[in-house]
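The values are calculated or read from the model by the stated rules, or taken from the named source; none is laboratory data. On a predicted model such as this, the values are computed, not experimentally measured, just so you know. FYI the Cβ positions are ideal-geometry reconstructions off the backbone, even for glycines, and counts take in every protein chain you see. These area figures cover heavy atoms from the full protein model, side chains too; ligands, DNA and RNA do not enter into them. Shrake-Rupley method; radii C 1.70, N 1.55, O 1.52, S 1.80 Å.
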Amino acid sequence: MSLDNSRAPFPATRMRRMRRQRFSRDLVREHSLTASHLIMPAFVLEGRDRSEDIAALPGIQRLSVDRLVDAAQTWAADGIAAVALFPVVPREKKSAQAEEAFNAEGLAQTAVRALKTAVPGLGVMTDVALDPFTIHGQDGIIDESGYVMNDETTEILVRQALSHAHAGADIVAPSDMMDGRVGAIRRALEAEGFRHTQILAYAAKYASAFYGPFRDAVGSGEALGQADKSTYQMDPANSNEALHEVAMDLKEGADMVMVKPGLPYLDVIHRIKETFQVPTLAYHVSGEYAMLKAAVANGWLDERKVVWESLIALRRAGADGIVTYYAATVARWLRERTQP
Ligand code: PBG
């Protein structure tokens, strides 16, 4: 700022001089986006040789583990950092206590083992939360009034995170928003010798309507019905509270923190990065992807340009990495050099 103030006024300073040619625009570009910044979410199905389209996420499919491994080979070859796994659990395996969440032979655990064997260089991250496994679709277990019980849920989350670590997960990512779960998971990981397993804390996860397509994709939306998650996820009106959440999670041992959703919360990403200067990720969520896809399908937006602009905005705000359903597509565009 002070530099700009000391400059001579127009016409000695013409801001457009540097913008006139591509080489000089590129020379002074402040932020970058490469495949190494991207994490690809994946929905995992039981069975073999199966895939299913997801209505509200055009271009994204639920995949059986064998097909996921095939897709992951391409993602890894294109330089994507990691995959984030979300199991699609059949109704008969859901329960009040979510026992399937820590089944060593469960879908997430099986997918982790298959991926780390076939594509060892690709990071594997698992979701620590109970919503795919509970009959009611909440992220934890509930009392008679329907309230999600914090400490009882945390005990199950710890067992779930340990089962992921045993399967070989590189990163466990609690997305449940229970208090104290990061510390509890860190202590349990250390006690069982998993000192290298990273924790990505969904620290600032908002009670957002932008998760709608995701809930359809994993099949928790129907169970949830009109209930919402505002007794544990954050109020979209708050940002000081996000700093408080991040401070707590870091103290408890989080290696990275996440802000979710992405574009509506650029200010939150920015404040967190400025305040803590720790690895900060953004989740460009299902509803954000769906909005872009819908407009693109109507011919109203240029897909390559709006996707690049959306993702570079997250980087500019302070995100080191981005979880996005566009990860595979953007990595391919970058390989083909068809990025704007
Ligand atoms: C649940 C979870 C959600 C998402 C990731 N993990 C949904 C929710 O909190 O209801 C949403 C991701 C997206 O919308 O892309 N633990």
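Taking a ≥ b ≥ c as the square roots of the eigenvalues of the Cα gyration tensor, the stretch 5-146 is classed as prolate, since a/c reaches at least 1.5 and a/b is larger than b/c.
Net charge in the neighbourhood of residue 85 (other residues with Cβ under 12 Å of its Cβ; Lys, Arg +1, Asp, Glu -1) is +1.
With all protein chains kept in place, the per residue accessible area of the stretch 31-336 amounts to 41 square angstrom at a probe of 1.4 angstrom.
So if a site counts as exposed when it's one of the GluC sites (Glu not before Pro), its DSSP state isn't H, G, I, E or B, and it has at most 10 other Cβ atoms within 10 Å, what's the longest stretch of the chain without one? Between exposed loop sites, the widest span is 145-340. Within the stretch 31-336, what percent of beta bridges assigned by DSSP are antiparallel, to the nearest 5? Of all bridge pairs located within the stretch 31-336, approximately 10 percent are antiparallel.
Residues whose amide H falls under 5 Å from that of residue 323, counting only those 5 or more places apart or on a different chain, are 39, 282, 283, 284, with hydrogens built in the peptide plane.
Determine the shape class of the stretch 208-340: with a ≥ b ≥ c the square roots of the Cα gyration tensor eigenvalues, call it rounded for a/c under 1.5, and otherwise prolate if a/b is greater than b/c, oblate otherwise. Could you put the intermediate results ahead of the total?
Numbers: a/c = 2.09, a/b = 1.23, b/c = 1.70.
Since a/c reaches 1.5 but b/c is at least a/b, the shape of the stretch 208-340 is classed as oblate.
For residue 60, the amide hydrogen comes within under 5 Å of the amide hydrogens of 54, counting only partners 5 or more places away or on other chains and with H modelled in the peptide plane.
Leaving out ligands, DNA and RNA, what percent of the accessible area of the chain is carbon and sulfur, probe 1.4 Å? Let's see the in-between values first.
Numbers: 8270 of 16080 Å².
The value for the chain is 51 percent carbon and sulfur by accessible area.
Amide H contacts of residue 128: 173, 175, each under 5 Å away and 5 or more positions distant or on a separate chain (H built 1.01 Å from N in the peptide plane; Pro and chain starts excluded). Annotated for the chain: lysine pairs at least 8 residues apart or interchain, Cα distance under 22 Å, count 11. The phi torsions of the stretch 36-46, fed into the Karplus equation with coefficients 6.51, -1.76 and 1.60 and a -60° offset, translate into couplings of 5, 8, 10, 10, 9, x, 9, 9, 10, 9, 6 Hz, rounded to whole numbers, with Gly and Pro shown as x. For the stretch 72-146, what class follows from the C-alpha gyration tensor (a ≥ b ≥ c being the square roots of its eigenvalues): rounded when a/c is under 1.5, otherwise prolate if a/b is larger than b/c, else oblate? Because a/c hits 1.5 or more and a/b exceeds b/c, the stretch 72-146 counts as prolate.
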